[in-house]
Amino acid sequence: WRLVWSDECEGAKGAALDASKWGYDVGGHGWGNNQLEFNREGTSNAALDGEGNLAITARKETYEKNEYTSARILTKGKFEHTYGKIEARIKLPKGQGIWPAFWMLGADFPEVGWPACGEIDILEYRGQDVASVLGSLHGPGYSGGDPISRGYSLSEGGFDEDFHVFGVTWDPGRIAWHVDGEIYGVATPGSLPNGAEWVFNHPFFIIMNVAVGGNFVGDVGPNTEFPQAMLVDWVRVYAR
């Protein structure tokens with residue numbers, strides 16, 4: 001493997017993320033999933049912690065018409081890539097209704113829309129189920145509540161207790177998901193519904209976010225504590 005892009009998340013506590021590598025998706029319109037948070041730019045919800053991590057933090061606070069804030073960062077227009085190994089070392093938050101994700105969208109999203117652009121979910125996680133993660137593909141005919149998904153569960157403990165490396169190895173006609181180097185799921189064109197198109201053969205950009213509420217996790221639980229942060233030690237992209 002040859003490293004072609006990375007963010008090591010090094011810097012002073014409270015510093016902003018690297019603007020040469022990341023931008024922000026801003027808004028509080030539900031993001032197509034009935035999410036409850038307003039995603040802001042700046043350091044209120046995405047900042048370095050001074051210990052070698054980027055903290056993407058969901059907070060319970062009123063902003064605009066939303067009762068929660070968070071951040072959704074992306075490499076769109078700054079780094080877009082086809083194939084390779086895409087990984088991040090992450091410690092996840094917890095709590096009913098907390099929905100962190102590390103994922104990718106096809107760079108042709110503005111032209112063709114979703115799901116025709118393709119979506120590769122490297123990591124999705126329900127904060128109420130701390131021992132399990134999902135990897136999924138969304139495309140025409142296999143999207144929304146009916147994606148191609150693979151799951152992985154820890155034998156003991158939760159993903160909120162320590163850092164783990166989440167990634168995909170993406171090749172022509174094959175995507176494999178792994179946690180800490182262990183492959184737990186593979187998808188190929190043969191995994192798709194009959195007649196469905198494999199839309200994972202062009203450049204994608206990276207997204208990282210912590211959603212609050214939404215269709216995937218449900219409402220925020222009465223015992224969910226805030227703030228909740230996803231800590232990102234590094235993000236790395238390799239080519240073969």
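Excluding same-chain residues fewer than 8 positions from residue 76, which aspartates and glutamates have a Cα within less than 19 Å of its Cα?
7, 8, 18, 25, 41, 87, 108, 111, 119, 121
Non-local amide H neighbours of residue 184 (under 5 Å, H modeled in plane, Pro and chain starts lacking H): which ones?
When sequence neighbours closer than 5 places are left aside, the close amide H contacts are 177, 178, 179.
If you count only protein heavy atoms with a 1.4 Å probe, what accessible area per residue comes out for the chain, rounded to a whole Å²? Each step should come with its number before you reach the end.
On the way: 10250 Å² over 240 residues.
Heavy-atom SASA per residue in the chain reads 43 Å².
Determine the percent antiparallel among the DSSP beta bridges restricted to the stretch 1-71, to the nearest 5. Kindly include the intermediate steps, with their values, before the conclusion.
Numbers: 7 of 10 bridges.
Antiparallel: roughly 70 percent of the beta bridges in the stretch 1-71.
Using only the alpha carbons of the chain, what is the convex hull's orientation-averaged projected area in square nanometres? The partial results should precede the final answer.
On the way: hull surface 49.1 nm².
Seen from a random direction, the Cα hull of the chain projects 12.3 nm² on average.
Could you tell me the center-to-center distance, by alpha carbons, between the stretch 68-111 and the stretch 156-183 in angstrom?
The distance from the Cα centre of the stretch 68-111 to that of the stretch 156-183 comes to 14 Å.
Filter 13/91; 13/60; 13/65; 13/85; 13/94 down to the pairs with a C-alpha to C-alpha distance above 26 Å, please. Provide the component values of the computation, followed by the final result.
Working: 13/91 18 Å; 13/60 22 Å; 13/65 29 Å; 13/85 29 Å; 13/94 23 Å.
Table pairs above 26 Å Cα-Cα are 13/65; 13/85.
Just the number, please: Stokes-Einstein D of the stretch 24-104 in µm²/s, Kirkwood Rh from C-alpha pairs, 10 °C, 1.306 mPa s. It would help to have the intermediate numbers written out before the result.
Details: Rh = 14.1 Å.
This corresponds to a translational diffusion coefficient of 113 µm²/s.
Ordering 149, 136, 6, 20 by how much accessible area each has at a 1.4 Å probe, largest first, what is the list?
Details: 149 45, 136 0, 6 25, 20 80 Å².
Final ranking, largest accessible area leading: 20, 149, 6, 136.
The values are calculated or read from the model by the stated rules, or taken from the named source; none is laboratory data. Since we're looking at a predicted model, the values are computed, not measured. Note: areas computed on protein heavy atoms with side chains; ligands, DNA, RNA excluded. Shrake-Rupley method; radii C 1.70, N 1.55, O 1.52, S 1.80 Å.
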